[in-house]
Amino acid sequence: MFGGNMQRRIFCVPLLKSFFESMSEFNKMQTVKRRMFAMRNGIIADSLRKAGSPFRMIFGLNLPQLDEIAADTGKDEELALMLFADRNNRESSLLAPMIMPEQCMTPELALEWLAGSQCVETTDIMCHKLLRKLPFAAALASAALEGDSDMVRYGGIRLLWNLLPSPASEMKELIQKEADRNCALTHRAATTLLEEIDFFSGD
């Protein structure tokens, strides 16, 4: 009888540990969401909705406010993954790359995040705040430019903007190929990037 109770207790220890770890992450998420709610701006939120933002929930935070939350939160892989998985909320998608530790981002996950981006705002923030800092940023941009998704290829163009003047000049052929597609999402960014490359090279 005593042995059975001991076995049950031993069995429960990892379950309780997992439960409390899950609650800890949940509490972090709730803390961040409450802070976003406290900073909400209805005027900006309405403007974003009218402009076609794809998110169901928009608090209307600006970039300095998100930077402040990111600085206070610190780098946190689990929370970043939870935030990015929250596809209904604009601010979650923007904050996720701000707090994702660079060393936790793999090439495969980076492409997955680019493919999962729902709008150019998310992709722009992702490239500027996270992807450009990765040691494989140039290779990622090249792989993205070969992607099937318009948003992924836009991410490749946007990432190269953050890496100017090199290695964008080395990928001019890929960028020209994208410009020639006349894709509504990428054409303007690609042609402008080509102009910048010519400027830096003195052509």
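A short reminder: the numbers here are calculations on the coordinates, not readings from a lab. Keep in mind the model is a prediction, meaning the values are calculated, not measured. Don't worry about glycine lacking a Cβ; one is built from the backbone with ideal geometry, like all the others, and counts go over all protein chains shown.
Quick notes
- Relative exposure of GLU91, GLU121, GLU196, judged by other C-beta atoms within 10 Å (fewest first): GLU196, GLU121, GLU91
- With neighbours defined as other Cβ atoms within 10 Å of a residue's Cβ, the residues PHE59, PHE200 order from fewest to most as PHE200, PHE59.
- Lysine pair number, Cα distance threshold 24 Å (strictly under), the chain, separation 8 or more or different chains: 11
- Compared with the dominant principal axis of the Cα atoms in the chain, helix 90-99 is inclined by about 90°.
- Once Rg and the Kirkwood radius are both taken over the C-alpha atoms of region 33-99, their ratio Rg/Rh works out to 0.96.
- Gyration tensor verdict on the chain (Cα atoms; rounded if a/c is under 1.5, prolate if a/b is larger than b/c, oblate otherwise): prolate
- Cα pair distances exceeding 21 angstrom across region 94-203, given as percent: 28
- Integer Hz, Karplus 6.51/-1.76/1.60 couplings in order for region 52-64, x for Gly and Pro: x, 4, x, 8, 6, 10, 10, 8, x, 6, 9, 5, x
- Amide H within-cut-off set for PHE59, under 5 Å, with H built and near neighbours excluded: ARG90, GLU91
- Computed from the Cβ-Cβ distance with R0 of 35 Å, the FRET efficiency linking ASP72 to PHE200 stands at 0.40.
- In degrees, nearest ten, helix 150-161 long axis to first principal axis of the chain (Cα): 70
- Shape call, region 67-126: gyration tensor on alpha carbons, a/c limit 1.5: oblate
- Long-range amide H partners of GLY147 with built H, under 5 Å: none
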